[in-house]
Amino acid sequence: MATGAVRPERINAMFRQGHTLKGLFGMAGIKGAQRVAHGTEDLLESMRMGRAAITGDTLALLIDCVDHCAQRVEEGLSADGGAVLEAQVEPLLARLQGQARAGHTGPAGGIQVAQPTAPPRPAPVVASELQVARRPPAVAPQRELPPELRRMLTEYEEYRFEESKRAGRHLMAAQVALSLMDCDTALPALEAQLGALGEIIARLPSAQLGADGTIVFDILLAADAAASAVAARLGRNDVALRPLGGDAEPLTEGPPGVSALPAPTETAPPSEAHPATLGPAAPAAAADPEPPAAVSKGPQTVRVDIGRLDHLMHLVGELGSTRSVLGRLALRARQDGQAQGLAAELEREGARLERRISMLQAQVLQARMVPLAPLFDRLVRAGTKVALELGIEAQFSTVGGNTELDKRIVEELADPLLHLMRNAIDHGLELPQDRAAQHKPTVGTVRLWAQAQGSHVVVGVADDGGGIDDEAVAQEAVARGLITAERAKEMSVDERLRLILLPGFSTRDEVSEYSGRGVGLDVVKTHLERLGGAVEISTQRGKGSTFTLMAPVTLAIMPALIVVAGDTPYAIPLAHVVETVGVEPAMVGSAHGQPTLQLRGTTLALTPLAELLQTKSATGQGRICSGSAPLPYAVIVGQASRQTALTVTDVVGQQDIVIKPLGPRLGHIRGLAGAAQMDDRALILVLDMMALANELRAHAPQALEADG
Amino acid sequence: MSADTPPPVAQALAPFFATAAEQSRERALVLARAGASAQLPTELLSFTIAAESFALPLTQVQEICRLEALTRVPRARDTTLGIMSLRGQVVPVVALAAILGLTDPKEGRKPLRAIVLGDDRGPLALQVGEVRGVVRLLPQDVAPRPFGLGAQHPELIAGVARTARGVITLLDGPAILRHLERLL
C-alpha cells in the first residue's frame, strides 16, 4: 500500500466487519479471540473517527490481529492449537493498547494519510445546533442537515457529514422508493451507482411503508460534483436527488406517492418554494428551510434506555419503604405521651409524602408506556413478506395501535405476535385459487387489534382463512402421543383447540419455512404466562380463526409488606394486610387449644407464619399448634369477620414489588403467588394470602369464628 | 474482494444478529430436543457431585452459573433447594446429589455452581460441586449403564465413560427434566 488518500468507507467497512467478528467469536464462546477482535474494533473505531493515525505500525498490527482470528477459525477448534493461540492473546492486546495510546499523542510516523488527522470534535451536535440558533434568519444555511435526519445518524455518520462539509464537498440526499420484494437487491445496486459518484454517508430507511408495498430510503451522499451534475450522471428518474440546505426543490421528480424529505416539506410545501409566488413574510422562510422558531423548539421527545426507567421505578419503590419507616416512627411517637404533637405532624407529613410518591410512581409508569403501533407496523411488514413469498394475497388492517403498554410488555408480546402473524398467513389464509373456489374474496384479510380492558390489554390476530379443524387437531395429538384416543373423545371443542398450544404440535406434515420451526404455539403460551397473561383461540370452519392475547398493561407492581418468618423474608401484598401490631404477652390467649390474640375487644386466631408455611397444604393433618413463645409482631390479614393474625419475627417495611410467576415447575404450590426481585439481587417469595386464609379456615376450629 | 462491502458470510449473518436474542431461546429449545434423540453426543460438560464425576451433553446445557442468593421455597420437595434469579427470570434450583442419592460431607463449604438446563417448562438449575470443563468422547469410550447403578432413578443415567481421569457417569438431561417436571 502506498501513501495516499484513504477512502473512509473502506475503514468503516472494516470497522463493521471487526464488529461482526467480535460478535461471532462471542457466540462461539472463544473468549481470547473475542478480546482481540474487540481491541481491533476499538482501533478501527479510532481510525474511522479520525482519532488514530493510519501508520505502518497500525496496519501491521491490524494484519496480525486478522491473522490471529483466521487461525482461530482453522486451528483453534483443535485442542492443541487453541493453547498456542491463547498465548498470543495478551501480547496482541498489549500492542493494541499501546497503539491506542500512541493514537492520542499523535501520528507515530510511517505511512501518512494524505488528509491530516482531524482533531476530535468537542460535542459536535451541540456546536452545530448553536450555530443554527445564532445565525440571523436572513442568512440561508449552507449544507445544513434537517434535524429529523440528523437524529437518525450514528456518531460516525455525523462525523463523516461534518468532515465532508469541512472539505467543501456537495452534500445531497437521494430518495428512492423500492419494492419490498426486491429492495435487498435493488438497494445495493443503487448504492453501487451512487458510490461511484461520491461517498455514501448514511442510508436511512423510513419507518413508513410507501404506496403499493414500497419502502422509502434516503441515502446521504457527499460528492465532489453538485447535485444536478450527480443526478445527470446517475440518470435514474426513480431517484429524487436533492441538495441539502439552500435550494429545497428536487432536481429530479421523485416517484409518485412518496413524500420528500421531512424538513423542507414541512416548512415550505413544493408549490411555495418559488419566492416569486410568496407573500411578504415568506422569503426568509423559503430561503431558510429551518426557521429559528423550529430550531429552538427542538425535538419534543427523548430516547431513554429502558434500564434507566427500570432503575427509576426501583428507586420509587425504595422511597415507598422509607415512607413506611416514617409511619413507624409516627406510631412510636404516638405511644410516647409527650410526643403527641410531633406524632400528628409526622403523620400529616407522611400522608403528604405518600401522595407525592404515588404521583411519582404513576408518572414513572406512564413514562414507560409506549403505543403498540410500531409493533403493529412491524407485524404488517413481516406478514406482507410472508404472504409475498408464499403466493398468498393478503391485506392487513390494524385497530387500536395507539393503545399504550409498558415497554417491557410490548417487547414480550413481539415474539408471540410475530408467530401468530406468520401462522395466520401460512396456516390460516388459503391460496387465492382455493379462496375463489369457496366464493371468498381472493385477497385474504388479517386483522390486528388492541383494546385496553382495565388493567389488561387484549391484542387479537384474526384471519379470514380456513379455520382450525378441531377433529384433525385431536387426531394429530393422539398420533403424536400427546393424549390418548379416549381422552380425545371426551374433550370439548375448546379443549381440542387448545391442544395446538402443546409443545411439539403441528397440524401440517410438511415443515414450512415460516411456521414450522420446530417450535410452535407453545412458546406463545409460555411467553404470555410468564407475563401473567393468557391466550384464547376461537375459530369457525371456513370463516377463519382468532387468537386473543391478554396481557397486563403494566408490569404487575404492587405495594407489599415485607416480613420475616423464621429466618426468611416474605412479601405480603398490602391489599390483604389490615394492620401490623406489636404483640404484648397480655394480648395472647388461648381458645380451643389454639393461641389467640385479643385486639380491641376481638379475638383472632394467632398462627406463626413460619409454621403455616412449613405445613404441607395437601395433607391437611390436624391443626397448627405453637408451643413456643409468641413472636414480637402480628400481621392482621383478611376481611371483616374473617380476619386472622399471623405472627412474624420482624416487619421490615413496605415496598413496591414487581411480581414474577414461579413458572410451571413451582407454580402449583399453594400459598405462593410468585416471587419478586429485591435490591440485593435475591428473590423474595410473595404470599398468596387468599389461599393461606382458606387453609387456616379449613384447619381452625369452627368455634373460633363464633368467638370472633 | 472489495473492502467496501461486507463479505457474503457477514451479510448472510446480519439478519441473524438482529434477532439473535429472539432466536437464542428457540434454538435452546430445539437443541434440548435434539440432545434427547442423539443417544451419545461427543461433547460433554464434565462436573462433580459429591466428589464423583458426571457429565451432560453440551447441547443440553443452557448455561453454567455461580449459585448465589438462593431463596428457599417452603412446601416444595426436599430436593428443591429454592429459587434464584437468572437475568430477572425465576429459576428453580434442585440438589442433583440428593436426587441421585449421593451425599458429600464437604459440599457445604465449597462455592457451588449450577448447571442450567431447560425445556418448554422453563429453565431449571442443577446444583453441582465443581465444573471441570468439556470432555470429548468417542462412541468406543462409552458403555451402557452398568446394572445396579443409580438404584433410585436409573432412568436418569444414560451410561458411563472411561477416560484418562477415571470413570464419568453420563446423565440424561431430558430425563432429569421430566423427572423434575413438578417440584412439589
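Just so you know, all these numbers are worked out from the coordinates, no wet-lab data involved. Here the structure is a predicted model, which is why all the values come from computation and not from measurement. Here Cβ is always computed from backbone atoms with ideal geometry, including for glycine, and neighbour counts include all displayed protein chains.
Classify segment A:407-483 from the C-alpha gyration tensor, please: rounded if a/c falls under 1.5, else prolate or oblate depending on whether a/b exceeds b/c. Walk me through the intermediate numbers first.
Values: a/c = 2.41, a/b = 1.27, b/c = 1.90.
Oblate.
Which residues' amide hydrogens lie under 5 Å from the amide hydrogen of A:Leu204, considering only partners 5 or more residues apart or on another chain, with H built in the peptide plane?
When sequence neighbours closer than 5 places are left aside, the close amide H contacts are A:Asp218, A:Ile219, A:Leu220.
Sort segment A:301-406 into rounded, prolate or oblate with this rule: let a ≥ b ≥ c be the square roots of the eigenvalues of the Cα gyration tensor; rounded if a/c is under 1.5, and if a/c is not under 1.5, prolate when a/b is larger than b/c, oblate otherwise. Walk me through the numbers on the way to the answer.
Numbers: a/c = 5.44, a/b = 4.49, b/c = 1.21.
It comes out prolate by the Cα gyration axes.
Can you give me the long-range amide H partners of B:Ile49? Hydrogens built in the peptide plane at 1.01 Å from N, cutoff under 5 Å, separation of 5 or more residues or another chain.
Close amide H contacts, sequence-distant or interchain: B:Phe54, B:Gly129.
Cα centroids of segment A:18-42 and segment A:418-483: how far apart, whole angstrom?
43
Could you work out the mean count of beta carbons from other protein chains within 10 Å of each residue's beta carbon in A:661-674? Before the final figure, lay out the partial values.
Details: counts 3, 7, 10, 7, 17, 14, 6, 4, 8, 2, 2, 6, 0, 1.
If you average over the peptide's residues, the count of other-chain Cβ atoms is 6.
Tell me whether segment A:345-385 comes out rounded, prolate or oblate; compute the Cα gyration tensor, take square roots of the eigenvalues as a ≥ b ≥ c, and use a/c under 1.5 as the rounded threshold. Intermediate results must be reported in sequence, preceding the final value.
Details: a/c = 10.85, a/b = 9.84, b/c = 1.10.
Because a/c hits 1.5 or more and a/b exceeds b/c, segment A:345-385 counts as prolate.
Express the relative contact order of segment A:338-443 as a whole percentage, based on alpha carbon pairs under 8 Å and six or more residues apart in sequence. Walk me through the numbers before you get to the answer.
Working: 74 pairs, mean separation 32.3, N = 106.
Relative contact order comes out at 30 percent.
Starting from the amide H of A:Thr568, placed 1.01 Å from N in the peptide plane, find each other amide H under 5 Å away whose residue is 5 or more places distant or on another chain.
Answer set, sorted by chain and number: none.
Mind listing the Cα extents of segment B:112-175 along all three principal axes, in Å, largest one first?
Dimensions of segment B:112-175 along the principal axes of its Cα atoms: 34, 25, 21 Å.
Given labels modelled 7 Å from the Cα in the Cβ direction, how far is it in nm from A:Arg697 to B:Thr79?
It is 3.6 nm.
What's the center-to-center distance, using Cα atoms, between segment A:355-389 and segment A:45-63 in Å?
Between the Cα centre of segment A:355-389 and that of segment A:45-63, the gap is 42 Å.
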